[in-house]
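**Student:** To start, I am sharing the structure in question, which I have written as structure tokens.
The values are calculated or read from the model by the stated rules, or taken from the named source; none is laboratory data. Predicted, not measured: the structure shown is a model, and the values here were computed from it. No Cβ is skipped: glycine too gets one built from the backbone with ideal geometry, and neighbour counts run over all protein chains shown. Calculation scope for accessible area: heavy atoms of the full protein, side chains included, ligands and nucleic acids excluded. Shrake-Rupley method; radii C 1.70, N 1.55, O 1.52, S 1.80 Å.
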Amino acid sequence: VKQMFVYIRNEFVFGAIIKELDKLQGFNAIMSVSTKSAEDAASSYEFLRKTADRLGVQFDALTSNYAKLVAALPPGIKGLQTAEKVFMGVAMAARTMHSSNQDTQLMFYAVTQIASKGVVSMEELRRQLGEKLPGVIQIAAKALNTIPEELEKAIRKGIVSSEKFLPIFGDALIRTFAESSEK
């Protein structure tokens, strides 16, 4: 029985290692296509490792979300710098709100959609992100030095570029949730 238990435990550990290796390879594949630099991929990996340790979130949940966000950013944007700001802001907000893994995934999905469309829409900002992160419209409006109603008008007109919005929004999320996420 003891020998069987050791065998089952070893199979479980081996399976978990294979699963983690597969996730890491997926992250590296997306990052190598998105950044065109092994150095950028390595620095992103290090950023995610530190973020996971600092905020107490699961590392494997971060890698896929981050890689997809980097891949979705519009051309010409300061890719990794913007991705890190937005990613850190969302991660801090999720930690502060004690969001479930699924809710955190949905928040990252909304931000990735904003990035990939090139323009902010109310669908992603209010409905998808706002549903999981109450007050997001107010945070975004304050970051842009406007009021929520004016921000909504601009978004409905389709004139809020994700390239300009995301770095400012990322900074605003960090300012809003930095202290509370550490507690």
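**Student:** For K117, state whether it is without any contact (Cβ under 8 Å) to a residue 60 or more places away in the chain and either small (G, A, S) or in contact with a helix residue (DSSP H, G or I) (Cβ under 8 Å, 6 or more places away or on another chain) (or both).
**Tutor:** Values: without any contact (Cβ under 8 Å) to a residue 60 or more places away in the chain: yes; either small (G, A, S) or in contact with a helix residue (DSSP H, G or I) (Cβ under 8 Å, 6 or more places away or on another chain) (or both): yes.
Yes.
**Student:** Select, from L151, L144, L166, the only residue that is of a type outside the set (V, I, T), touching a Ser or Thr at 6+ places or on another chain (Cβ under 7 Å) and more than 14 Å from A93 (Cβ to Cβ). Can you show your working first?
**Tutor:** Working: L151 fails: touching a Ser or Thr at 6+ places or on another chain (Cβ under 7 Å); L144 fails: touching a Ser or Thr at 6+ places or on another chain (Cβ under 7 Å).
None of the other options fit; the residue is L166.
**Student:** Let me ask something else. If you take the residues of the stretch 161-171 that are buried (at least 20 other Cβ atoms within 10 Å of the Cβ) and farther than 14 Å from L80 by Cα, which of them is nearest to the chain's Cα centre (by Cα)?
**Tutor:** The initial filter retains those residues of the stretch 161-171 that are buried (at least 20 other Cβ atoms within 10 Å of the Cβ), namely 162, 165-166, 169-170.
Going one step further and asking which of them are farther than 14 Å from L80 by Cα, we end up with 162, 165, 169.
Numbers: S162: 15, F165: 15, F169: 12 Å.
Residue satisfying both the conditions and the ranking: F169.
**Student:** Still on this structure, I have one more. Tell me yes or no: at least one residue of the stretch 42-64 is within 19 Å of E163 (Cβ to Cβ) and either at pLDDT 80 or above or buried (at least 16 other Cβ atoms within 10 Å of the Cβ) (or both). Give the steps one after another, and end with the answer.
**Tutor:** First pass over the stretch 42-64, keeping only residues within 19 Å of E163 (Cβ to Cβ): none.
No, the stretch 42-64 contains no residue that is within 19 Å of E163 (Cβ to Cβ) and either at pLDDT 80 or above or buried (at least 16 other Cβ atoms within 10 Å of the Cβ) (or both).
**Student:** So which of K78, K164, K85 is at negative phi and out of contact with any helix residue (DSSP H, G or I) (no Cβ under 9 Å at 6 or more places or on another chain)? Lay out the reasoning, then the answer.
**Tutor:** Details: K78 fails: out of contact with any helix residue (DSSP H, G or I) (no Cβ under 9 Å at 6 or more places or on another chain); K85 fails: out of contact with any helix residue (DSSP H, G or I) (no Cβ under 9 Å at 6 or more places or on another chain).
Only one candidate passes the filter, namely K164.
**Student:** Could you list, ordered by first residue, the pairs with Cβ atoms under 8 Å in which the first is in the stretch 47-69 and within 17 Å of G26 (Cβ to Cβ) and the second is part of a loop (DSSP other than H, G, I, E, B), at least 6 apart or interchain?
**Tutor:** A52/Q58
**Student:** Please go through (1) under 21 Å from the mean Cα position of the chain (by Cα); (2) open to solvent by less than 30 Å² (accessible area, probe 1.4 Å) for L144 and return the number of the only condition it doesn't satisfy.
**Tutor:** (2)
**Student:** Working only within the stretch 90-113, note down all residues that are of a type in the set (G, A, S), part of a helix (DSSP H, G or I) and under 14 Å from G130 (Cα atoms). Walk me through how you get there before you give the answer.
**Tutor:** Residues of the stretch 90-113 that are of a type in the set (G, A, S), as a first pass: 91, 93-94, 99-100, 110.
Imposing the further condition that a residue be part of a helix (DSSP H, G or I) reduces the set to 91, 93-94, 110.
Passing the criteria: A93, A94, A110.
**Student:** List the pairs whose first member sits in the stretch 91-111 and is open to solvent by 80 Å² or more (accessible area, probe 1.4 Å), whose second member is modelled with pLDDT of 90 or more, and whose Cβ atoms are under 8 Å apart, counting only residues at least 6 apart or on separate chains?
**Tutor:** Going by the 8 Å Cβ cut-off, the qualifying pairs are R95/F177; Y109/Q128.
**Student:** Follow-up. Would it be correct to say that E131 is open to solvent by less than 40 Å² (accessible area, probe 1.4 Å) and farther than 14 Å from G89 by Cα?
**Tutor:** On the way: open to solvent by less than 40 Å² (accessible area, probe 1.4 Å): no; farther than 14 Å from G89 by Cα: yes.
Criteria not met by E131.
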